[in-house]
Amino acid sequence: MPDSAATELITRFRRQRPLRGGSLIVTLFGDSIMPRGGAIALGSLITLAAPFGLNERLVRTAATRLAKDGWLEGRRAGKLSEYHLSNDGRERFAEATRRIYSEPDSHWSGRWTLVVLPPMRPAERKEHREELIWRGFGELSAHVFAHPEIDSQSLTAPRRPQGPLSMAIVFDANLADDADPQRLVSLGWDLEELGLRYQRFVKRFERVLAALHGPRALDQQACFIVRTLLIHEYRRLHLRDPLLPPRLLRPDWPGAQAAALCRDIYARVFAASEAHLSRVARQLDGPLPAPDSSVMQRFGGVKLS
């Protein structure tokens with residue numbers, strides 16, 4: 001049953017030590033709150049987070065830290081508070097949203113995008129490296145990174161003139177005719193560990209999908225819990241996935257099975273979870289707006305009824 005599936009997921013989530021409240025709040029904002037105006041009253045955020053084991057102190061601390069890191073901004077009205085996505089946070093969430101919910105592009109011309117980092121201070125190199133790996137690049141050496149034909153313009157026009165990748169040198173390149181692209185893949189990415197993590201995800205959430213096919217009506221809060229922890233676990237895997245073209249992956253790549261499973265569960269619980277969100281959550285000025293139309297295109301299309 002949906003409630004038993006939610007209970008199993010919550011039990012596993014609460015066993016984490018330390019319990020990472022900030023990470024879950026990032027999931028809540030990215031998956032549920034951003035499509036509905038990007039702002040939520042602090043009291044509503046505390047209510048939404050309570051079933052996951054996050055008490056009021058943890059939520060307040062996590063929201064404050066996310067604001068300090070530039071993801072969120074706060075505003076007050078008397079004794080009440082509200083948090084909304086900052087401009088930089090909204091832009092960052094939009095990038096993550098495209099990667100998590102969009103269908104992967106299966107076309108690949110065979111060209112590669114190479115990035116060379118010039119000599120720089122260790123702290124600068126760390127910032128560039130983290131940005132490149134987040135975008136799916138493989139690290140071929142200390143200063144050379146590769147990705148199969150990523151949009152090079154998105155690299156040479158960073159969000160901030162002095163931000164990540166501002167010093168990177170970008171090339172479009174082809175391998176020599178007799179070169180094996182699999183050698184480059186094995187050099188730049190550890191797909192074996194990622195594949196094992198995808199397999200564990202599939203095993204865990206196949207049980208959830210089976211529970212959702214029971215005869216009982218879908219409980220709104222249980223569906224919201226399932227949806228949130230589904231995306232919470234999937235995004236932490238998927239945002240580490242370089243999303244290589246299928247021809248560079250093994251035929252039974254478990255990432256494809258995980259994506260299909262995530263799509264099926266999300267579509268199953270979406271309408272009920274949105275009803276729970278409408279019932280529980282508010283902004284300071286009133287109810288949450290209706291979901292943005294773009295949310296209906298997630299995973300190829302979902303419905304509110």
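Annotations
- All positions within segment 281-305 that are surrounded by 15 or more Cβ atoms within 10 Å (Cβ to Cβ) and either under 30 Å from ARG75 (Cβ atoms) or free of Cβ contacts under 8 Å to residues at least 60 places away in the same chain (or both): ALA281, ARG282, GLN283, LEU284, LEU288, PRO291, VAL295, ARG298, VAL302
- Pairing each residue of segment 51-73 that is in contact (Cβ under 8 Å) with a residue 40 or more places away in the chain and over 16 Å from ARG92 (Cβ atoms) with any residue that is surrounded by 14 or more Cβ atoms within 10 Å (Cβ to Cβ) and of a type in the set (Phe, Trp, Tyr), provided the two are 6+ apart or on different chains, yields C-beta distances under 8 Å for PHE52/PHE13; GLY53/PHE13.
- Subset of segment 212-236 [surrounded by fewer than 17 Cβ atoms within 10 Å (Cβ to Cβ) and assigned to a helix (DSSP H, G or I)]: ARG236
- Pairs with Cβ under 9 Å, 6+ apart, first in segment 130-152 and of a type in the set (Phe, Trp, Tyr), second surrounded by fewer than 17 Cβ atoms within 10 Å (Cβ to Cβ) and in a loop (DSSP other than H, G, I, E, B): TRP134/LEU239; TRP134/ARG240
- In segment 72-126, the residues that are basic (Lys, Arg) and either surrounded by 15 or more Cβ atoms within 10 Å (Cβ to Cβ) or at pLDDT below 90 (or both): ARG76, LYS79, ARG90, ARG92, ARG98, ARG99, ARG111, ARG121, ARG125, LYS126
The values are calculated or read from the model by the stated rules, or taken from the named source; none is laboratory data. Source: prediction; values computed, not measured. Every residue, glycine as well, gets a Cβ built from its backbone with ideal geometry; the counts of neighbours run over all protein chains shown.
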